[in-house]
Amino acid sequence: MNVARFSIHACKRLYTTKSVTLTVDKFPGYVRHPHFKKQTQQDLTYFESIVGQHGYINNKDEMVPYNTDWMNKFRGQSQLVLMPRTTQQVSAILRYCHDQKLAVVPQGGNTGLVGGSVPVFDEIILNMKNMNRVRSFDSVSGILTADAGCILEVLDNWLAEKGYMMPLDLAAKGSCHIGGNIATNAGGLRLLRYGSLHGTVLGLEVVLANGTVLNNMSTLRKDNTGFDLKQLFIGSEGTIGVITGVSILTPLRSKAVNVALLGLNSFDDVQVAFKKSRVELSEILSAFEFWDIHSFQMYKKHFNHKDVMEKDYPFYILIETSGSNKDHDDQKLTSYLEQMMVNGVAQDGVVAQDQQQMRDLWGIRDGLTEALGKEPAVYKYDISIPVAKIWDCTEDMRHHLKTGGVFGEADSPVINVVAYGHIGDGNVHLNIVTKDLDTRVSDLIEPYLFEWVAKHQGSISAEHGLGVAKNEFLGYSKSPEMIELMKTTKAMLDPKGILNPYKYLPQS
Ligand code: FAD
Ligand code: MLT
Ligand code: ZN
């Protein structure tokens, strides 16, 4: 059986009809660094000599999708998108930008959720989509090497034919690049099973700010020679180098996959179900996702959904198992589900009977972000806290917004607070949906939420990164000494600060 999972919501970019506020107008304190040069005709002539006449875009209208982020929350003012085809071209571009002090934003599929992939001012966009070749694949070890601009889903489909799969999966897979995934250290839906990119990435090819190519395309699983430099670039969000090549360990594609959706009455039940799934499903458990009723209602509002259960429940969990023996896996899952139902942990549930049903169940989870994108405005948060605290945090935010007078009445600016996420990773996506961007709301959320997270030893960004949305709050998750060392590292690798300026590290 082919178990490739195609999201029915595979990252549809929503183009807004209303104009997106310029990022710089959202952050009035931000000033264009005076030492950055403004791009000239001479620069364009040079870039054309590197990438050719089809390797760039400078038409204002065509540039809109490159200047605007996926959620239509951030907008930059770049006048040039460069689309190099080779590592040598990236190197020549960066060497020139370094010499000329031209600022650059590396860009992958532009699906990032923290405004990191679009410029703030007139930074040149270095879009990686033309670097999209698979370089090699070792069918014995499962080690893949590829250009950084390969689309995640394209790589996954390519590997499917060889019986392998990518070790990460996310609803943006139809657009995001593997280079962008690594630059953000994306987590996604399979981290529970296959671990983080810090473990699966074996090597990287990176072009530094001054054009130096750092070739570390190792295909070794074990290599204890010196500092593991590649780790520095995983999650560095384009601020210290441009990833051009990737070596990654890919797992065998499972022969047997099951997907079940359960309705539950309480978050305590969600935790019991999770704990029990680890015991009962253990090695075949490949995903354990949750969403609340508010997320589900929002999903149903925007998509034509056919209910699979007779009534709604406060919580839903989606469980996926992946193994090599269907009978064995079916038996394990059935026994687990029976226990959940008999013990009253789950109130109702369905198990997908075919691939279409699997896609439909996953489609709900994958469609939540897109549904949010259809709301007038949303404040998105992506935090890690102990699993037991996930719902306390959500409830506390609802209460806080109500007592703050912005939620609960028909004319309140907040429409709803919705939560979903990766239970197995202790990662909740808390989203405050509003009628418009409203400082009465944002002032109540920030830094309140970050203080809450810090108090519980959590992280203010579990997987989406910092970009321009969370950089000023880094101090809630990292000590002053660590931030200082990060700044020193940035200054060493990018002394002129041309790579993705104004982001990632606190500017104040
Ligand atoms: P971009 O958005 O283009 O860039 C992101 C950052 O990386 C920017 O700072 C950019 O400068 C930098 N960058 C990009 N390419 C390079 C490169 N080659 N070299 C150096 N820097 C580079 N994230 C998760 O972790 N888990 C999820 O489950 C998840 N689900 C999502 C679902 C949807 C529908 C959407 C829209 C987003 C989701 N995300 C998720 C956000 C996530 O960060 C991105 O989808 C993805 O990892 C970014 O890849 P990208 O190629 O689009 O990068
Ligand atoms: C997800 O898990 O769906 C993503 O991280 C995106 C989001 O937070 O909406
Ligand atoms: Zn997520």
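Structure above, values below:
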read-out	value
Kyte-Doolittle at least -1.0, axis length at least 18 Å by Cα - qualifying DSSP helices, the chain	87-100, 267-280, 355-373, 480-493
Leading residue at positive end of dipole, the stretch 134-249 (Cβ point charges), from THR184, ILE143, THR212	ILE143
Inter-part distance where the stretch 367-420 and the stretch 179-201 are each reduced to a Cα centre, Å	26 Å
Peptide ranges 62-69, 189-196 listed from the most packed, as the mean C-beta count within 10 angstrom indicates	189-196, 62-69
Estimated dipole of the chain in Debye, rounded to 20 [Cβ of Lys and Arg +1, of Asp and Glu -1, Cα centre]	1120 debye
Burial ranking of peptide ranges 454-462, 483-491, 258-266 (average Cβ count within 10 Å, highest at the top)	258-266, 454-462, 483-491
Calculated [θ] (222 nm, deg cm²/dmol) that DSSP helices of n ≥ 4 give over the chain, each run adding -39,500 (n - 2.57)	-9500 deg cm²/dmol
Residues of the stretch 212-237 with amide N under 19 Å of the 7 Å Cα→Cβ point at HIS198	221-237
Within the stretch 256-371: Cβ-based charge dipole about Cα centre, in debye rounded to nearest 20 (Lys, Arg +1; Asp, Glu -1)	160 debye
Hull shadow area, averaged, the stretch 382-508 [alpha-carbon convex hull, nm²]	8.7 nm²
Cα gyration tensor, the stretch 256-371 - rounded (a/c under 1.5), prolate or oblate	oblate
When the convex hull of its Cα atoms is projected in every direction, mean area for the chain (nm²)	23.5 nm²
Dipole-positive endmost among LEU485, HIS429, ILE415 within the stretch 369-491 (Cβ charges, Cα centre)	LEU485
Accessible surface of LYS38 - all protein chains present, 1.4 Å probe, nearest 10 Å²	130 Å²
Accessible-area value, SER91, 1.4 Å probe, nucleic acids and ligands omitted, Å²	10 Å²
Computed log₁₀ I(q)/I(0) - Debye formula, equal Cα scatterers, no solvent, the stretch 23-127, q 0.15, 0.17 Å⁻¹	-0.60, -0.77
Total formal charge among the other residues, if their Cβ is under 12 angstrom from that of GLY179, Lys/Arg +1 and Asp/Glu -1	-2
Centroid-to-centroid separation of the stretch 148-165 and the stretch 66-133 [C-alpha atoms, Å]	24 Å
Radius, Kirkwood style, for the stretch 134-249 when every pair of distinct Cα atoms is counted (Å)	14.1 Å
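The values are calculated or read from the model by the stated rules, or taken from the named source; none is laboratory data. Everything numeric here is computed off the predicted structure, so don't read it as measured data. Cβ coordinates were reconstructed from backbone atoms using ideal geometry, including for glycine residues, and neighbour counts include every protein chain displayed. These accessible areas exclude ligands, DNA and RNA; they are computed on the full protein's heavy atoms, side chains included. Shrake-Rupley method; radii C 1.70, N 1.55, O 1.52, S 1.80 Å.
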